[in-house]
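The values are calculated or read from the model by the stated rules, or taken from the named source; none is laboratory data. Computed from a predicted structure; not experimentally measured. Cβ coordinates were reconstructed from backbone atoms using ideal geometry, including for glycine residues, and neighbour counts include every protein chain displayed. Just the protein is used for accessible areas: all its heavy atoms, side chains included, with ligands, DNA and RNA removed. Shrake-Rupley method; radii C 1.70, N 1.55, O 1.52, S 1.80 Å.
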Amino acid sequence: MGIPGDEILSRVATGDGHGENTSYFDGWKAYDNDPFHPIHNPNGVIQMGLAENQLCLELMQDWITKNPQASICTKEGVSEFKAIANFQDYHGLPDFRKAIAKFMEKARGGRARFDPERIVMSGGATGAQETIAFCLANPGDAFLIPTPYYPAFDRDFRWRTGVQLLPIRCHSHDNFKITEAELAAAYRKASDSKIRVKGILITNPSNPLGTTMDRETLRTLVRFANEERIHLVCDEIFSGTVFDGPEFVSVAEILQEDPSICDGDLIHIVYSLSKDLGVPGFRVGIIYSYNDAVVSCARRMSSFGLVSTQTQRLLASMLGDDDFTTDLLAESRRRLLHRHRAFTAGLEGVGIRCLKSNAGLFCWMSLKPLLKDATAEGEVKLWRVIVDEVKLNISPGSSFHCTEPGWFRACFANMDEETMETALRRIRTFVRRANEAATAAKTKKRWDTALRLSLPRRLEELTVLTPRLMSPRSPLVQAAT
Amino acid sequence: MPQQLLSRKAACNTHGQDSSYFLGWQEYEKNPYDPKTNPTGIIQMGLAENQLSFDLIESWLESHPDATGLRRDGVLVFRELGLFQDYHGLPEFKKALADFMGESRPNTVKFDPHKLVLTAGATSANETLIFCLAEPGEAFLLPTPYYPGFDRDLKWRTGAEIVPVRCSSSNGFRITKAALEKAHRRARKLHLRVKGVLMTNPSNPLGTTMTRVELDTLIDFVVAKDIHLISDEVYSGTNFDSPGFISVMEAIQGRKNVAHRVHLVYSLSKDLGLPGFRVGAIYSNNETVVAAATKMSSFGLVSSQTQYLLSALLSDKEFRRSYIVENRRRIKERHDLLVRGLERTGISCLNSNAGLFCWVDMRHLLKSNTFDGEMELWKTMVYQVGLNISPGSSCHCDEPGWFRVCFANMSAETLELAIQRLDDFVVSCHGHKVICNSGCRMQSCMPKWILTLPSSDRMLER
């Protein structure tokens, strides 16, 4: 007789491919166990590991109040209820596709054109990435991806698809830009290992860097893809969060400006409303491909993750309101710029440097001066101190596959201004104390600081500071970013 | 463009949508019936939708402005909902859904919301379960005839295989131990490791609920083989007549070594008629399956806006109870209308007590007792009679001549018209050896190319 348990489940179900046993999610658990609240729990952990955009939700809320007909449930809109509730065509509501195409154009300042017929729905960008992987690659094939990158790509792109992600190393001395040399090296390394590279996956604007890709680098990638006849998947989920110059350049513009640069069949864009509009709960993922066969295949696969027609209807109406979206994008950018400036200035005040960024909902900051050891372990130790003692859930660079220890991603758009000030105060206090301790230690015993082989004084310290790798109970209580 | 540029999954036909069936869909799309603007168009009877009870939901909405206006106690909850993407789902919604499921199964089973995983429709639920339970190349046994969409949902991206459990009209298409064993042997011969059985109860396309004997047979079988049992119960709320529906969760009560291997799939697309909202669920007593499926649901979560609306709707006990009763009454009425109408035309149906369709016996109308004959008859139905009904071969039925005919996705008038058209057709062909000649609706003969289309690999939507 069989024994109840894991033996009768698949490897996919019982393995770690979901990626939730990593430090990225560990910090969330710490937050879940002790969440900050200005009144009820002022000493709780502040969530800075969640790239949500909460800055403009009330503008949308306002719009919904003034536009009851956009909902199929209000008396103004209920006449549409039956048709909408019954509609399950995976092409999606035509108005919805048109509105999304228009919004994507607007987020790119009208510099790119999008054809509504190429808009394919998916279960969030999460679903979009997985679907694209299923369409473009077989199990065992690989995509190259510049580091550092969004940790959940390991799940989205690889878990159920069996596709691999191989890094293109980027370095701080280049401001983490992708260089031709590293790109070629990554490609060569894969070929030497007899791994078939099917494409490159980039995020532009970048998560976690918060930078937009310059035109030249983008053109280099596009040309490389064309030469090697591999795909280029561009996750442009943060395209509407570009709050400062330089201007965002979408891969769509590259193709438009110079169609001969690349076979369009190789270019695909992933998009979502989770960041630009701040509505991850609505599960609106989009695949936009210039390859007809991919559009067709992805559309069939979208049966596994269509957008609720109730939501399609609401958004078709909201995003179809031209004046509203113009104002929303402008105001969102203004608020992001303001928040970004306040946060980075606060960090600079205590000598913490951030990578110069112009987009995204986060900063990529260097805490190298605070590392006892300039190693991955040193980074993790520092991170645990920040989570457990400073009570800030920021995300360690190693969870983003960053090759240089000491970098951390801190999100700033998922909280109000007061909470951000509280976070900055805690950082200031921590840095001051760390500097004082460092100075004190230096005068006492030189060998104790910044030596690669230095060990904690007590063994217990090491145990306490090592991240617990446990089965997550609910790591994604808030989000998957 | 060379096929190798894309994956094998993209280039293959396992999604099943290249089949000749789609001719019927396409023909319907080109020429859809409308009582005013296109009275001679094709009537869509290949779509198992429930359009009978929207007004019940609409009137609930009209009297509950808070839920509809995204308010809780007068306060707007848009912000909260917009941000809510926890794959555990909205607790109020899961509780309401669990209660609704319990009441649809005449309260014989109590569903625990913590064992529910929300997915983007039953389509996603079924695929997710297969990802959890089978490796690529492993197989599930499915009793025939079965919903053609399973070929896509269970096999396409998972790489799993389906081995049919052949059921026959000789015993009303009931599942027997012999048929299960035969299928299992066949899988072994094909070197396929069987990981489970997947059944649909109530059955699509048969419209019958499984008997206690069948359920016990299935449960005994999966225990003996140490495999899983997936019960797709999306039609559980459409059981309009006796015998009453018995859920697999009821059938396993009191049995040992079974709870961890039995999983249920549900959806609101049929019972509530809300396919657009993409609300599916997996229910399992196996914690590992629930945990894995929950993580996988990230690829297809239910919109928080929709969860919120439906949690309000389904939390209303009074609404739940009255909806279930009235919905069933209307389905029965419509079912009876079709069955009686077909009887008058000399066409019989499998005796059914659930579902949104009838499994119709048109064997006596076949020119030849073959699947080619079935295809020919089907094309006649689509092009001459103007009815898009679904051929049994697309449901992997072993015997030619059976068709699934839906009745709940149109008005009573349209259904009457469909019956009338069928009647006219049968009368006009009565006594003629060859169908599709003079006396039929269309003047021209069918073009040769229609008759030469491949007869394999048909599929259709529920």
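Observations on the model:
- Residue identified as surrounded by fewer than 23 Cβ atoms within 10 Å (Cβ to Cβ) and more than 9 Å from every other protein chain (Cβ to nearest Cβ) among A:ILE200, A:ILE195, A:ILE119, A:ILE145: A:ILE195
- Being buried (at least 20 other Cβ atoms within 10 Å of the Cβ), in contact (Cβ under 8 Å) with a residue 40 or more places away in the chain, touching a Pro at 6+ places or on another chain (Cβ under 9 Å) and within 18 Å of A:PHE114 (Cβ to Cβ) holds for only one residue in A:SER239, A:SER250, and it is A:SER239.
- The conditions of being within 20 Å of A:SER71 (Cα to Cα) and open to solvent by less than 20 Å² (accessible area, probe 1.4 Å) are met by B:LEU314.
- Verdict on A:ALA30 being within 22 Å of the chain's Cα centre (by Cα), open to solvent by 10 Å² or more (accessible area, probe 1.4 Å) and aliphatic (A, V, I, L, M): yes
- Matching option when the condition is more than 17 Å from B:ILE282 (Cβ to Cβ), away from chain A (no Cβ under 12 Å) and either open to solvent by less than 10 Å² (accessible area, probe 1.4 Å) or of a type in the set (S, T, N, Q) (or both), among B:VAL163, B:VAL197: B:VAL163
- Condition check for B:LEU338: facing chain A (nearest Cβ under 9 Å) and touching a Phe, Trp or Tyr at 6+ places or on another chain (Cβ under 9 Å): no
One line per residue, one yes/no per condition, for (1) within 13 Å of chain A (Cβ to nearest Cβ); (2) of a type in the set (A, V, I, L, M, F, W, C):
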site: B:PHE84; (1), (2): yes, yes
site: B:GLU92; (1), (2): no, no
site: B:ALA96; (1), (2): no, yes
site: B:ASP99; (1), (2): no, no
site: B:GLY102; (1), (2): no, no
site: B:THR108; (1), (2): no, no
site: B:THR119; (1), (2): yes, no
site: B:LEU133; (1), (2): yes, yes
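- Selection within region A:33-58 - in contact with a Phe, Trp or Tyr (Cβ under 9 Å, 6 or more places away or on another chain), open to solvent by 40 Å² or more (accessible area, probe 1.4 Å) and at pLDDT 90 or above: A:PRO42, A:ASN43
- Residue that is assigned to a strand (DSSP E or B) and in the same structural domain as B:THR119 (by TED's automatic domain parsing), where the choices are B:VAL197, B:VAL234, B:VAL213, B:VAL223: B:VAL197
- When region B:111-128 is limited to residues that are small (Gly, Ala, Ser) and within 18 Å of A:GLN310 (Cα to Cα), the one that is farthest from the chain's Cα centre (by Cα) turns out to be B:ALA120.
- Against the list (1) under 18 Å from A:GLU130 (Cβ atoms); (2) buried (at least 21 other Cβ atoms within 10 Å of the Cβ), the condition B:LEU133 fails is (1).
- Applying the condition of being facing another protein chain (nearest Cβ under 7 Å) and not in a loop (DSSP other than H, G, I, E, B) to region A:282-293 and asking which residue is surrounded by the fewest Cβ atoms within 10 Å (Cβ to Cβ) yields A:ALA293.
- Single unsatisfied condition, B:GLU333 versus (1) buried (at least 22 other Cβ atoms within 10 Å of the Cβ); (2) within 21 Å of the chain's Cα centre (by Cα): (1)
- Condition met for B:ILE175 (of a type in the set (Val, Ile, Thr), away from chain A (no Cβ under 14 Å) and touching a strand residue (DSSP E or B) at 6+ places or on another chain (Cβ under 9 Å)): yes
- Leading residue by the ranking (nearest to B:ARG328 (Cα to Cα)) among those in region B:102-119 that are open to solvent by less than 20 Å² (accessible area, probe 1.4 Å) and modelled with pLDDT under 95: B:SER104
- The set of residues from region B:251-305 being open to solvent by 10 Å² or more (accessible area, probe 1.4 Å), part of a loop (DSSP other than H, G, I, E, B) and of a type outside the set (S, T, N, Q) comprises B:ILE252, B:GLY254, B:ARG255, B:LYS256, B:LYS270, B:ARG278, B:LEU301.
- Any hit, region A:331-339, residues being part of a loop (DSSP other than H, G, I, E, B), among the polar types (S, T, N, Q) and either open to solvent by less than 10 Å² (accessible area, probe 1.4 Å) or more than 14 Å from every other protein chain (Cβ to nearest Cβ) (or both): no
- Within region A:164-193, residues that are of a type in the set (Asp, Glu) reach partners that are not in a helix (DSSP H, G or I) with beta carbons closer than 6 Å, at six or more positions or on different chains, in the pairs A:GLU182/A:ILE168; A:GLU182/A:ARG169.
- Residues of region A:149-175 satisfying the condition of being open to solvent by less than 10 Å² (accessible area, probe 1.4 Å) and of a type outside the set (D, E, K, R): A:ALA152, A:PHE153, A:PHE157, A:THR161, A:VAL163, A:ILE168, A:CYS170
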